[in-house]
1. Quick one: accessible area per residue over region 38-181, 1.4 Å probe, rounded to a whole number of Å²?
2. In whole angstrom, note down how far apart the Cα centers of region 469-487 and region 79-117 are.
3. Treating only the Cβ atoms of Lys and Arg (+1) and Asp and Glu (-1) as charged, compute the dipole magnitude of region 241-370 about its Cα centre; round to the nearest 20 debye.
4. In percent, how large is the relative contact order of the chain, given Cα pairs closer than 8 Å and 6 or more residues apart?
5. Take Lys42 and Ser383, extend 7 Å from each Cα along the Cα→Cβ direction, and tell me the distance between the two endpoints in nm.
6. Before rounding to the nearest 500, sum -39500 (n - 2.57) across all DSSP H runs of length at least 4 in the chain and divide by the residue total; then give [θ] at 222 nm in deg cm²/dmol.
7. Can you give the local net charge around Tyr293? Use residues other than it whose beta-carbon is closer than 12 angstrom to its beta-carbon, Lys and Arg +1, Asp and Glu -1.
8. Can you tell me the accessible area per residue over region 265-418, all protein chains present, probe 1.4 angstrom, in square angstrom?
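The values are calculated or read from the model by the stated rules, or taken from the named source; none is laboratory data. Keep in mind it's a predicted model, so treat the numbers as computed, not measured. Don't worry about glycine lacking a Cβ; one is built from the backbone with ideal geometry, like all the others, and counts go over all protein chains shown. With ligands, DNA and RNA removed, areas are computed over all heavy atoms of the protein, side chains included. Shrake-Rupley method; radii C 1.70, N 1.55, O 1.52, S 1.80 Å.
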Amino acid sequence: MRMMFGRRLAAPASGQGAAELGDLPEWNLADLYAGMEAPELKRDIAKAAADAIAFETRWKGTLAAEAGRGSTGRLGEALVAYEALEELIGRIVSYAGLVYAGNTADPQRAKLYGDIQEKMTDASAHLLFFALELNLIEDAAIESALAADSAFGHYRPWVLDLRMDKPYQLEDRVEQLFHEKSITGRGAWNRLFDETMTDLRFDVDGEELTLEPALNRLQDADGEVRRRASEALAATFRKSLRTFTLITNTLAKDKEISDRWRGFEDIADSRHLANRVERGVVDALATAVRAAYPRLSHRYYAMKARWLGMDVMNHWDRNAPLPETPQAVIGWDEARNTVLSAYQRFSPEMAEIARTFFDRNWIDAPVRPGKSPGAFAHPTVPSAHPYVLLNYMGKPRDVMTLAHELGHDVHQVLAADQGALMASTPLTLAETASVFGEMLTFRSLLEQTTDRRERKAMLAQKVEDMINTVVRQIAFYEFERKVHAERRN
């Protein structure tokens, strides 16, 4: 399954009516499957299960011998078949995930999601041997096979990337056990968290709100509205404290067990490996950002407190708009045109790719009860196209979020020609594309704004966004390290 790239830098706007926002699109998933009962979906689920068993029967135990056959070896043929299976399973799982994200409270969607997760976990268990067996082949034999077999050589980047996992892979049956139990282990706990969050309701000023609109009140221009929203959020979260505590402790222990079995030394080493970045690089980044806290976030929020007429800000004022910030709702059409024109100025091709997402309803924008919070870009599979989930409520930050997620999508579309195995990227590269799209849009808007007070508000908001992108992420990283360290103790 390919990764969804998403974020919550800050909550979007509050309380706008549909008339102000315009006609918000809901995604059309028919390019994956026509519906939850589509015969093509049932056919593909059965095909994935049967083909995975056939693949294991054909190739298990043969890869070392195929590598030794030089130009007559068939590792390339095996990889082509493996990629086709990854594409098929990825399509099925992507569809189930997107349907579920649209309304996690719907029992039918939840059942489809759970059923498909279970069936595709069973199917992919028959494919586990392939990567494990490839990594058992000696480096010299792999290099020889990559040079001799052109079909296999095509996948050189994937093969070499795969071998970075070699020191941490376990014996086949242990890997299979970890894989099969993931659906009743960390997968189940993550799903419990997601469904708990979407089920929560927050009593704000006598109005029962879901998570998104409640968070949005934290950006209201009225400080009392922000305070009451913050207290309502805390009150509801407090009621689920035991559940959240159990989820956190269970997932932390699950990770500790996995890390210990695989031989990872540091709490974060498995994440560094997944992101394809060295521990020393992350340590240097974290050290530099921590050292900069006083002259970045501390200094900025002290300035913001003065701008808001406060000695010290309350925590619910962190995302408060400055008095100079325009309060007008940004309708969907204006948001669309803003992002596309910014992309167009940099690259017409980039704008044309992004425009397709609007024209073909590959974006799901409205806030709905049960819908996944935040925003993400899902690449699905190369034979289809990505999809975007937003919770659009008409604030400038919502426009930046749209630009951010479309940055992911342009990248994913352009990478699709690499195929199912080589199109995906680690977060370290993926977020570069999204932040780039966001900055293109911001710079375009700033250049068009001549009013000094509005420019100040825009720059302040961008400073906050970049603090969230850099400083807050390091704060999260440091906090998570402490959580896992205390859990081990």
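1. Numbers: 6700 Å² over 144 residues.
On a per-residue basis, 47 Å².
2. 31 Å
3. Working: 19 positive and 17 negative charges, 58 e Å.
It works out to roughly 280 debye.
4. Numbers: 613 pairs, mean separation 123.3, N = 489.
Relative contact order for the chain comes out at 25 percent.
5. Spacing of the two 7 Å Cα→Cβ label points: 2.0 nm.
6. On the way: 23 runs with 306 residues, N = 489.
It comes out at -20000 deg cm²/dmol, rounded to the nearest 500.
7. Details: positive: Arg290, Arg295, Arg299, Arg472; negative: Glu478.
Counting the neighbours of Tyr293, the net charge comes to +3.
8. Details: 6650 Å² over 154 residues.
For region 265-418, the per-residue accessible area is 43 Å².
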